[in-house]
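*Asks:* Take a look at the following structure, please.
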Amino acid sequence: MRNLSRQKGVGLIEVLIAVLVLSVGLLGMVAMQITAKRNSFEAAQRSIATGLSRDILERVRSNPGEVATYVAQLGGGSISTAPASCNTGTCTPNALAQRDLYEWEQLLDGAAEKIIIDGNEFNAGGLVDPRACITNNAGVVTVAIVWKGVAEMDNPTASNCGETSGLYGTGNKQRRLMVMTTYVSDI
């Protein structure tokens, strides 16, 4: 009988320790889930930027005589008026290049997907705060696409595209960059 009275409350302490260990484990799982979600979003943004880079480079390759027309800085609706569509009739290579840039900027800004919040319509696709710079140096066409990432990192230095926009946090530490280069012969 004497041993039983000394062990009162020991089971409660063991339960509290078990709950504490379980809580720490659950907090770790939640933190891991948040990190996985953030990394998944960053990977999706990079995948979109890669697809967009390939898309515009293919458009340039299919219209090589107008390489100079494709040189531009885009993003944020910089092309406000839609050029005539080349789908319904014949158009010049220059008009095709202008339409390509307009359509591509719409893809970049995510204008194909819309969401309505409190009665206001917003773009829901594309990249977060994108900017793009297309350059041509004797047939070497470079596409640099930047967007806003979630976490802060070192500012990438492979291109200065979008650095002065003020969209990517202090010191551009949320700036993400995709650069793709190809050669386009001017036939």
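*Asks:* Cross-link partners among aspartates and glutamates for Lys37, C-alpha distance below 19 Å, same-chain residues fewer than 8 apart left out?
*Replies:* In chain and number order, the partners are Glu152.
*Asks:* Enumerate the calculated ³J(HN,Hα) couplings along segment 66-81 in order (Karplus 6.51 cos²θ - 1.76 cosθ + 1.60, θ = phi - 60°), each rounded to whole Hz, writing x wherever the residue is Gly or Pro.
*Replies:* My calculation for segment 66-81 gives 10, 3, 5, 5, 6, 5, 6, 10, 10, x, x, x, 5, 9, 8, 10 Hz in order.
*Asks:* Working from Cα positions, state the angle (0 to 90°, nearest 10) between the long axis of helix 10-61 and the longest principal axis of the chain.
*Replies:* Tilt relative to the chain: about 10 degrees.
*Asks:* Hey, can you rank 96-109, 73-86 by average C-beta count inside 10 Å, highest first? Walk me through the intermediate numbers first.
*Replies:* Numbers: 96-109: 20.8, 73-86: 14.1.
Ranking the peptides 96-109, 73-86 by packing returns 96-109, 73-86.
*Asks:* Straight-line reach from Lys114: which aspartates and glutamates have a Cα under 18 Å away, not including same-chain ones fewer than 8 places off?
*Replies:* Cross-link targets: Glu103, Glu105, Asp129.
*Asks:* Under a point-charge model restricted to the Cβ atoms of Lys and Arg (+1) and Asp and Glu (-1), what is the dipole moment magnitude of the chain relative to its Cα centre, in debye to the nearest 20?
*Replies:* In total the dipole reaches around 1120 debye.
*Asks:* Here's something else I'd like to know. Nearest 0.05, what FRET efficiency do Asn120 and Ile17 give at R0 = 45 Å with Cβ-Cβ as r? Intermediate results must be reported in sequence, preceding the final value.
*Replies:* Values: r = 52 Å, r/R0 = 1.15.
E between Asn120 and Ile17, to the nearest 0.05, is 0.30.
*Asks:* Turning to a different aspect of this structure: Take every Cα pair under 8 Å in the chain that's 6+ residues apart, average their separations, divide by the length, and report that relative contact order as a whole percent.
*Replies:* Once normalised by length, the contact order is 20 percent.
*Asks:* Rounded to the nearest 500, what is the chain's calculated 222 nm mean residue ellipticity when only DSSP H runs of at least 4 contribute -39500 (n - 2.57) each, over all residues?
*Replies:* -14500 deg cm²/dmol, from helical runs alone.
*Asks:* What's the Cα-based Rg to Rh of segment 2-183, Rh via Kirkwood?
*Replies:* Rounded to two decimals, Rg over Rh is 1.30.
*Asks:* Can I ask one more? Considering only Ile56, Gln174, Gly25, whose Cα is most displaced toward the positive end of the charge dipole of segment 2-183, charges sitting on Cβ of Lys, Arg (+1) and Asp, Glu (-1)?
*Replies:* Sorting the options by dipole projection puts first Gly25.
Read the figures in this text as sums done on the coordinates, not as results from a lab. Model, not experiment: these values are computed from the prediction. Glycine also receives a Cβ, built like all others from the backbone with ideal geometry; neighbour counts cover every protein chain displayed.
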